[in-house]
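A.B. asks: There's a structure below that I have some questions on.
The values are calculated or read from the model by the stated rules, or taken from the named source; none is laboratory data. Source: prediction; values computed, not measured. Cβ placement follows ideal geometry from the backbone for every residue including glycine, while neighbour counts extend to all protein chains displayed.
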Amino acid sequence: MASNSGFINNLPKIYGMYTGGFVFFVVALAIAEQMGLPNVWIGYVFMAATIGLYAMIGIMSRTAETDEYYVAGRSVPALYNGMATGADWMSAASFIGMAGTLYAQGYDGLAFVMGWTGGYVLVALFLAPYLRKFGQYTIPDFLGARYGGNLPRTIGIICAITASFTYVIAQIYGAGIITSRFLGIDLATGVWVGLIGVLVCSLLGGMRAVTWTQVAQYIILIIAYLVPVVWLSIKVTGNPVPQLAYGEVLQQIGQLEQQLGVTAGHATPFVKNDMVNFLALTFCLMVGTAALPHILMRFFTTPSVKEARKSVGWSLFFIFLLYFTAPAYAAFAKLEVYSNVIGQSIATLPGWVASWTQVGLVSVCDAVDAMTTIKGCAVNGNGDGILQLAELVLNADAIVLATPEIAGLPYVIAGLVAAGGLAAALSTADGLLLTISNALSHDVYYKMVNPNASAKKRLTIARILLLGVAAIAAFAASNAPATILSIVAWAFSIAAAAFFPALVLGIFWKRANKAGAVAGMLVGFGLTLYYLINVKFLGMTPWFGIKDVSAGIFGIPLGFITIWAVSLMTKEPSQEVKDMVEDLRYPRLAKG
């Protein structure tokens, strides 16, 4: 304990030196680039150094203690837990997909910003402090204790695995995009390379290693996100604060769109979406934020209920830094594309076009039969050899990663952004894989199959399961069926419908019982999954025009109604359970 206390006290010094070392590393690479270091080597150095760093932290933080493996020993200060949660939260979806979606959809993309940040209000008010006071390891733990028996726990395990597995596919897919582009390998191989860093960290140290790695990853990802957009802001407007400068850029974009004949620009909401789908998506993302198992697990790692509340506040601040910058990133990216790419000779397009075309995220559709001969083209070109706006197809997932190259910034900046994207993807993948393997090893094996299992055996089982889950997820990621942001939105809807009603009513309504919770989780989870699969993959006509990414809009309210109705029609919980609920409602009374 003394050693751990000394480590906690030295955290500012440790991460201060780490940040300084990383900045020095980037500057050294920039100097090497100016001296002639090839771009391909810069990519290799960035990938090797960052994955190696995370692996080293995992090895240094390795543990054989179950409390540290599952919840980092409950000793993580609020500031650092907030930073780790920010990294855990700002996955490949936020780092890679957020600005790209704003680029493609304009104001309509703000549904993701509003939903994801607003969801933390729900976390702080309704869940984090109460679950911390409960003091166990996982969400299924809470469901099993609150509602009694293995049936609620089992349903919780199934729902947690489904939501987390869907989410982790997007993260590994994001890691695959980055490694394939910057290492010059195919996407399938890139997926497996990116997964190495995840496994070395989470396999050895569990939540303890993942927590301290995620703090390091947050530092890298926020530096990587801010540097290029600040650079572009100074270059274009002379203002080093892009969040304040991009209004001027939007005016320039509007003028260029008029010149380019863009009739339906992004100056008004609901161009790509309608208001109903915008609000439905925002709602599902908010509620899903408050129900994601891997995020809620993070608040089990704080020393006390008070620290859990502070941790939510710090999390929101660290997330805000990126989300407040994403619209500016999208605006500067669009200005660079309009100004420096459109209207150029296709024969002399810069090398980044070919590189991202090879990954499959960029297509140039100038050929007159482009729709049938070029993958990704939805239009035919005019064959004049000059790139028109309609002839350039930029996948939303490529915008953030490709913008430094599009803008002609030094290649080391592109490598920095790739390192940040990899940090975001791996940090979330770590948390998700731990959520899945912990659900299987702790909630199924230890709680239901072999309660007498030794700590060593439990950790061995957890690590074996983590390897298996990671392999299956990597295989699925190599065949990702949609953009990163869409896949993540599915996970939010699933988690929201499955968990939020049962968790909130379990904390705030004593009358909620086992039958009600089981029925509510099954109905909410089942309806959401049914709607998502049928609309996305089986061609079902959407109900009321609601898209598959907002499938939870049906399951969430029905889950609440079902728990309420079934609980009133069946036997009320025992007095012991009611006393537990009463105790949970007053987190300020908690001592630990």
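A.B. asks: Within the group Gly343, Gly381, Gly376, which residue is part of a loop (DSSP other than H, G, I, E, B) and at pLDDT 80 or above?
C.D. replies: Values: Gly381 fails: at pLDDT 80 or above; Gly376 fails: at pLDDT 80 or above.
Residue meeting the stated conditions: Gly343.
A.B. asks: Residue check, Pro451 against (1) assigned to a helix (DSSP H, G or I); (2) free of Cβ contacts under 8 Å to residues at least 40 places away in the same chain, all met but one. Which one?
C.D. replies: Single failed check for Pro451: (1).
A.B. asks: On the basis of being surrounded by fewer than 19 Cβ atoms within 10 Å (Cβ to Cβ) and of a type in the set (Lys, Arg), does Lys514 make the cut? Reasoning before the result, please.
C.D. replies: Working: surrounded by fewer than 19 Cβ atoms within 10 Å (Cβ to Cβ): no; of a type in the set (Lys, Arg): yes.
No: the conditions fail for Lys514.
A.B. asks: Could you check the stretch 450-464 and list, in sequence order, the residues that are hydrophobic (A, V, I, L, M, F, W, C) and at pLDDT below 80? Walk me through it before giving the result.
C.D. replies: Initial filter on the stretch 450-464 (hydrophobic (A, V, I, L, M, F, W, C)): 453, 455, 459, 461-462, 464.
Correct list: Ala453, Ala455, Leu459, Ala462.
A.B. asks: Yes or no: Ile295 modelled with pLDDT of 80 or more, under 20 Å from the mean Cα position of the chain (by Cα), hydrophobic (A, V, I, L, M, F, W, C) and buried (at least 21 other Cβ atoms within 10 Å of the Cβ)?
C.D. replies: Numbers: modelled with pLDDT of 80 or more: no; under 20 Å from the mean Cα position of the chain (by Cα): yes; hydrophobic (A, V, I, L, M, F, W, C): yes; buried (at least 21 other Cβ atoms within 10 Å of the Cβ): yes.
No: the conditions fail for Ile295.
A.B. asks: Another question about this same structure. Suppose we filter Ser202, Ser180 for residues that are in contact with a helix residue (DSSP H, G or I) (Cβ under 9 Å, 6 or more places away or on another chain) and at pLDDT 80 or above; which single one remains? Before you say what the answer is, go through the steps one by one.
C.D. replies: Working: Ser202 fails: at pLDDT 80 or above.
Just a single option satisfies the conditions, and that option is Ser180.
A.B. asks: Does the stretch 442-465 contain at least one residue that is closer than 24 Å to Ile185 by Cα and either surrounded by 21 or more Cβ atoms within 10 Å (Cβ to Cβ) or in the same structural domain as Ile177 (by TED's automatic domain parsing) (or both)?
C.D. replies: No, that holds for no residue.
A.B. asks: Find the residue count for the stretch 538-557, including only residues that are touching a residue at least 12 places away in the same chain (Cβ under 8 Å) and surrounded by fewer than 18 Cβ atoms within 10 Å (Cβ to Cβ). Break it down stepwise before answering.
C.D. replies: If we filter the stretch 538-557 for residues that are touching a residue at least 12 places away in the same chain (Cβ under 8 Å), which is where we start, we get 543-556.
Checking which are surrounded by fewer than 18 Cβ atoms within 10 Å (Cβ to Cβ) leaves us with 543-545.
Final tally of qualifying residues: 3.
A.B. asks: Only one residue in Leu527, Leu485, Leu568 is crowded, with 17+ Cβ neighbours inside 10 Å, out of contact with any His (no Cβ under 8 Å at 6 or more places or on another chain) and touching a residue at least 40 places away in the same chain (Cβ under 8 Å). Which one? Explain how you work it out, then say what you get.
C.D. replies: Details: Leu527 fails: touching a residue at least 40 places away in the same chain (Cβ under 8 Å); Leu568 fails: crowded, with 17+ Cβ neighbours inside 10 Å.
Going through Leu527, Leu485, Leu568 in turn, the sole match is Leu485.
A.B. asks: How many residues does the stretch 307-340 hold that are hydrophobic (A, V, I, L, M, F, W, C), closer than 19 Å to Ala418 by Cα and outside any helix (DSSP H, G or I)?
C.D. replies: Residues in the stretch 307-340 being hydrophobic (A, V, I, L, M, F, W, C), closer than 19 Å to Ala418 by Cα and outside any helix (DSSP H, G or I): 0 in total.
A.B. asks: Please work out if Leu505 is at pLDDT 85 or above and among the aliphatic types (A, V, I, L, M). Step through it out loud before you land on a result.
C.D. replies: Values: at pLDDT 85 or above: yes; among the aliphatic types (A, V, I, L, M): yes.
Taking the combined requirement at face value, the residue satisfies it.
A.B. asks: Go over the candidates Ala402, Ala418, Ala414, Ala390 one by one and state the one that is at pLDDT below 85 and assigned to a helix (DSSP H, G or I). It would help to see each step written out before you state the result.
C.D. replies: Details: Ala402 fails: at pLDDT below 85; Ala418 fails: at pLDDT below 85; Ala414 fails: at pLDDT below 85.
None of the others qualify; the one that does is Ala390.
A.B. asks: With the requirement that a residue be of a type in the set (Ser, Thr, Tyr) and in contact (Cβ under 8 Å) with a residue 40 or more places away in the chain, what does the stretch 179-199 give you? Spell out how you get there, then give the answer.
C.D. replies: The initial filter retains those residues of the stretch 179-199 that are of a type in the set (Ser, Thr, Tyr), namely 179-180, 189.
Thr179, Ser180, listed by residue number.
A.B. asks: Given the criterion within 22 Å of the chain's Cα centre (by Cα) and assigned by TED's automatic domain parsing to the domain that holds Thr570, identify the matching residue among Leu151, Leu110, Leu183, Leu143. Walk me through it before giving the result.
C.D. replies: Details: Leu151 fails: within 22 Å of the chain's Cα centre (by Cα); Leu183 fails: within 22 Å of the chain's Cα centre (by Cα); Leu143 fails: within 22 Å of the chain's Cα centre (by Cα).
Just one listed residue meets the conditions, Leu110.
A.B. asks: Hey, another quick one. Within the stretch 471-491, is there a residue that is within 28 Å of Val581 (Cβ to Cβ) and in the same structural domain as Tyr130 (by TED's automatic domain parsing)?
C.D. replies: Going residue by residue through the stretch 471-491, those that are within 28 Å of Val581 (Cβ to Cβ) are none.
No: zero hits.
A.B. asks: Go through the stretch 107-139 residue by residue and tally those that are in contact with a Ser or Thr (Cβ under 8 Å, 6 or more places away or on another chain) and assigned to a helix (DSSP H, G or I).
C.D. replies: So the first thing to find is which residues in the stretch 107-139 are in contact with a Ser or Thr (Cβ under 8 Å, 6 or more places away or on another chain), and the list is 107, 109, 111-112, 114-116, 118-120, 122-123, 128, 132, 138.
Still in the running and assigned to a helix (DSSP H, G or I): 107, 109, 111-112, 114-116, 118-120, 122-123, 128, 132.
Number of matching residues: 14.
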